[in-house]
Amino acid sequence: MIKHFEVRIIKNITYKTTLTACFIGYVIQAIVNNFVPMLFLRFQAEFGIPLAQITWLITINFAVQLTVDAVAPAFVDKIGYRVSMQLAHILSASGFLLMTILPDKLPSPFAGLVICIVMYAVGGGLLEVLVSPIVEACPTDNKETTMSLLHSFYCWGQAATVLLSTVFFALAGIEHWRILAALWSIVPILNFILFLKVPIATLSETRGQESGFAELIRTPGFLFFCLMMLCAGACELTVSQWASAFAESGLHISKSAGDLIGTMGFALCMGSARAMFGKFGEKIPLQKVMLASSVLCVGSYLLIGLTKAPAAGLIGCMLCGFSVGIFWPGTFSLSAARLRNGGTLMFALLALAGDLGCCAGPTIAGKASALLGSNLHRGILCGIVFPCIMLCCVLLMDKEYRKGKVRNGAK
């Protein structure tokens, strides 16, 4: 059992350094999930790829990630967290680097993009499986707030991806997107070096024997948390993946303004919600925050889907970002408090459910939009089913909690 947070492994490298490396890991995952969506319309114009086919780029990304979520528990514990994290960073960097070559060299640019996306999606999937349990195993207090702070770095990473990419496109031109893809590969390369040295604890060291698959599936509440994770992923990604294209084609504003106000505004609001709970979470009951967030999320989807005014649509994107901020880390915290022996497998299966939502939400919105005459307003509105289900889950959880049947650890 690790007793002190300031255990020093090699000189000044401590578990605080491990947390920093994990925070950067979520920044990398944000780059993986948000850089290419900024180029959807560019791909459509440069390579002649139709919108319906571009939708498959989102689907493939998250389908690969959820496949990794499913198979990772079979080898992560065997080869170790450190080697798995190093592999995740190598694959993420390779995907971005190959994106500068393959779409131009292969007969089908779409096939080249798919190969690159598959490669960095495997890296992103491993990051999703590994980062949360590594942080959960670190000897820190206030796990709920630490987890929320961790997930806020995904948002800061998303905001940085949008801001820096937009500045690059404005200065160098979007036709030079290949150079930017190569520059983004530097982040996982540097974090790979950091993970060569940082101390890494495992959940088995801090919590004892982990549950097996059959035992976990039979555990009361586990499948319920999986449903919440699916909705969390869908609520978040339906808007964030289509925000750039929605602002440009749906609201008819410039790409730069749409990216900065819509996509980056979404990320900043989501990060702010997570950071606020990370700071004040000890004083606020988690379930009440998730209930209020669910109501706000439903309202934001209605605003995005029903308004034609650019200002209202962009406000809807930002409100959605704030509302979904607590869904993913909040569900992780609730399940970790309830299922004490879930271990790496639990986090992997929850990530699988979340990535299934990340895949389903944007795909449904994209397909619906294509069927409705490329109307992204209506396409995104179809995704309102997910925040509605999340709201029902939170209400049911609150009811069960009041009965004493579900103890979620909220203060």
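The values are calculated or read from the model by the stated rules, or taken from the named source; none is laboratory data. As the structure is a computational prediction, the values presented were derived from the model and not from experiment. Neighbour counts are summed over all protein chains in view; Cβ atoms, including those assigned to glycine, are modelled from backbone coordinates with ideal geometry. Just the protein is used for accessible areas: all its heavy atoms, side chains included, with ligands, DNA and RNA removed. Shrake-Rupley method; radii C 1.70, N 1.55, O 1.52, S 1.80 Å.
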Inset, instruction - Test V135 against the criterion of being over 23 Å from W184 (Cβ atoms), open to solvent by less than 10 Å² (accessible area, probe 1.4 Å), part of a helix (DSSP H, G or I) and at pLDDT below 90, and give yes or no. - result: yes
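Looking at segment 216-235 only, could you name the residues that are open to solvent by 10 Å² or more (accessible area, probe 1.4 Å) and either within 17 Å of N33 (Cα to Cα) or of a type in the set (V, I, T) (or both)?
Step one: of segment 216-235, the residues open to solvent by 10 Å² or more (accessible area, probe 1.4 Å) are 217-221, 223-224, 226-227, 230.
Matches in segment 216-235: I217, T219, L230.
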Inset, instruction - Return yes or no: is A52 aliphatic (A, V, I, L, M), in contact (Cβ under 8 Å) with a residue 40 or more places away in the chain and open to solvent by 10 Å² or more (accessible area, probe 1.4 Å)? - result: yes
Inset, instruction - Starting from segment 73-88, take each residue that is more than 20 Å from M119 (Cβ to Cβ) and list its partners that are small (G, A, S) and assigned to a helix (DSSP H, G or I), counting only C-beta distances under 7 angstrom and pairs at least six apart or across chains. - result: P73/A348
Inset, instruction - For F332, work out the one condition from (1) within 19 Å of the chain's Cα centre (by Cα); (2) open to solvent by 20 Å² or more (accessible area, probe 1.4 Å); (3) not acidic (D, E) it doesn't fulfil. - result: (2)
Legend entry - Candidate set from segment 94-124 (those that are outside any helix (DSSP H, G or I) and hydrophobic (A, V, I, L, M, F, W, C)); member that is farthest from S185 (Cα to Cα): L106
Legend entry - Hits in segment 276-310 (condition: surrounded by fewer than 19 Cβ atoms within 10 Å (Cβ to Cβ), farther than 16 Å from C382 by Cα and of a type in the set (G, A, S)): A292, A309
Inset, instruction - Go through the residues of segment 322-335 one by one and say whether even a single one is in contact with a Gly (Cβ under 6 Å, 6 or more places away or on another chain) and either of a type in the set (A, V, I, L, M) or in contact (Cβ under 8 Å) with a residue 40 or more places away in the chain (or both). - result: no
Inset, instruction - Go through (1) within 21 Å of the chain's Cα centre (by Cα); (2) surrounded by fewer than 24 Cβ atoms within 10 Å (Cβ to Cβ) one by one and return the number of the condition L339 breaks. - result: (1)
Legend entry - Residue in segment 70-86 that is open to solvent by 40 Å² or more (accessible area, probe 1.4 Å), of a type in the set (A, V, I, L, M) and either touching a Cys at 6+ places or on another chain (Cβ under 7 Å) or modelled with pLDDT of 95 or more (or both) present: no
Inset, instruction - Go through segment 35-68 and give me each residue that's within 27 Å of A348 (Cβ to Cβ), of a type in the set (F, W, Y) and in a helix (DSSP H, G or I). - result: W56, F62
Legend entry - Qualifying residue in segment 108-122 (condition: of a type in the set (G, A, S), touching a Ser or Thr at 6+ places or on another chain (Cβ under 6 Å), modelled with pLDDT of 90 or more and crowded, with 22+ Cβ neighbours inside 10 Å): no
Legend entry - helices (runs of 4 or more DSSP H) within segment 343-411 that include 3 or more residues at pLDDT below 75 and more than 21 Å from A52 (Cα to Cα): 385-403
Inset, instruction - Could you look through segment 11-58, keep only residues that are β-branched (V, I, T) and more than 20 Å from A88 (Cα to Cα), and pick out the one that is nearest to the chain's Cα centre (by Cα)? - result: T55
Inset, instruction - Among the residues of segment 160-194, write down those that are open to solvent by less than 10 Å² (accessible area, probe 1.4 Å), among the small types (G, A, S) and assigned to a helix (DSSP H, G or I). - result: S165, A181
